[in-house]
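Let me begin by presenting the structure, written as structure tokens, before commenting on it.
The values are calculated or read from the model by the stated rules, or taken from the named source; none is laboratory data. In this text, all values refer to a predicted model and were calculated from it rather than measured experimentally. Glycine also receives a Cβ, built like all others from the backbone with ideal geometry; neighbour counts cover every protein chain displayed.
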Amino acid sequence: MRRSKQQFEEAGPGLIPLPPLLSPEEPPGHLGHRERLRAKLLNAGADALADYELLELLLFFAILRQDTKPIARALVERFGSFANVLAASPAELREVKGVGDSAVAIIKASQAAALRLLRAEIRDRPVLNNWDRLTAYLTAAMAREPIEQFRVLYLDTKNRLIADEAQARGTVNHTPVYPREVMKRCLELGATALILAHNHPSGDPTPSRADIEMTAEIKSAAQALGIVLHDHLIIGNGRQLSFRREGFL
């Protein structure tokens, strides 16, 4: 409650009056903003929020006593979008003023949660009947990676996902992949079918000669073991290429 004039007079002469205390109805500016933003999310839904507002909501849990709007805006300006902020590396995130370990942790945890949700959409279902969900998951997982990553999706006899594993990571334009290791893992998991996927950090999903040759080697090795290679997807920036659709398989 506020101190009244009478309370100051009762305090006695020579005392310096203290500033008014904030009432519950008068929170500090950034705290009131937080409550309004939470209400906006709950009442209007996430689509009503701009990218920087979504980031503000995340940062509320990491930065308790500071206005997070300038930090959220700086992150979107630096990386271009909410999705790009989530995909940024911890080192890149720390380059933005005000972003410390707690903020990095909440951002990367949010990315992991989003990927697990997308992966759940394809688990225990025939992958070939859920192609849009599969490409959405792979795009979220790989499209913004700064270096090439090669993943293998191992499937059972009903084309349901057994495992999704990063087989290798390489440079900005090359990933070493060994067909023998892919086949060994197939046998360990009891997989009967495969889908290969890797990203092109350049954003252009056009396959290189090395991509085509490596895919042919894996297909040949798989056929020798009675394993089906359904497809090889190259994930670019907003674009994907299917080897099967393009006639490379």
(request) Identify, from the list Ile71, Ile63, the residue that is in a helix (DSSP H, G or I), under 21 Å from Asp101 (Cβ atoms) and in contact (Cβ under 8 Å) with a residue 12 or more places away in the chain. (result) Ile71
(message) Any residue that is in a loop (DSSP other than H, G, I, E, B) and exposed (fewer than 13 other Cβ atoms within 10 Å of the Cβ) - is there at least one of those in region 213-221?
(response) no
(message) For region 135-145, check the following and say yes or no: at least one residue is surrounded by fewer than 16 Cβ atoms within 10 Å (Cβ to Cβ) and farther than 23 Å from His198 by Cβ.
(response) no
(request) Mind counting the residues in region 76-102 that are over 15 Å from the mean Cα position of the chain (by Cα) and closer than 18 Å to His33 by Cβ? (result) 1
(request) Kindly establish whether Asn199 is under 14 Å from Glu148 (Cα atoms), surrounded by 21 or more Cβ atoms within 10 Å (Cβ to Cβ) and modelled with pLDDT under 95. (result) yes
(request) Can you confirm whether region 3-12 contains a residue that is modelled with pLDDT under 75, part of a helix (DSSP H, G or I) and surrounded by 13 or more Cβ atoms within 10 Å (Cβ to Cβ)? (result) yes
(message) With the requirement that a residue be within 28 Å of Ala88 (Cβ to Cβ) and at pLDDT below 90, what does region 119-139 give you?
(response) Arg119, Ala120, Glu121, Ile122, Arg123
(message) Take Ala224 and tell me if it is within 15 Å of Leu155 (Cβ to Cβ), among the small types (Gly, Ala, Ser) and assigned by TED's automatic domain parsing to the domain that holds Ile147.
(response) no
(message) Let me spell it out: the conditions are (1) modelled with pLDDT under 90; (2) under 17 Å from the mean Cα position of the chain (by Cα), and Lys108 meets all of them except one. Which number is the exception?
(response) (1)
(request) Return the pairs, sorted by first residue and then second, in which the second residue is in a helix (DSSP H, G or I) and surrounded by 11 or more Cβ atoms within 10 Å (Cβ to Cβ), the first residue lies in region 37-53 and is touching a residue at least 24 places away in the same chain (Cβ under 8 Å), the beta carbons are less than 6 Å apart, and the residues are 6+ apart or on different chains. (result) Asp51/Val76; Asp51/Phe82; Tyr52/Ala72; Tyr52/Arg73; Tyr52/Val76
(request) Residue by residue through region 222-234, note down the ones that are surrounded by 13 or more Cβ atoms within 10 Å (Cβ to Cβ) and not in a helix (DSSP H, G or I). (result) Ile227, Val228, Leu229, His230, Asp231, His232, Leu233, Ile234
(request) List every residue pair whose Cβ atoms sit under 9 Å apart, with the two residues 6 or more apart in sequence or on different chains, where the first one lies in region 217-235 and is touching a residue at least 60 places away in the same chain (Cβ under 8 Å) and the second, anywhere, is exposed (fewer than 14 other Cβ atoms within 10 Å of the Cβ) and not in a loop (DSSP other than H, G, I, E, B). (result) His230/Arg244
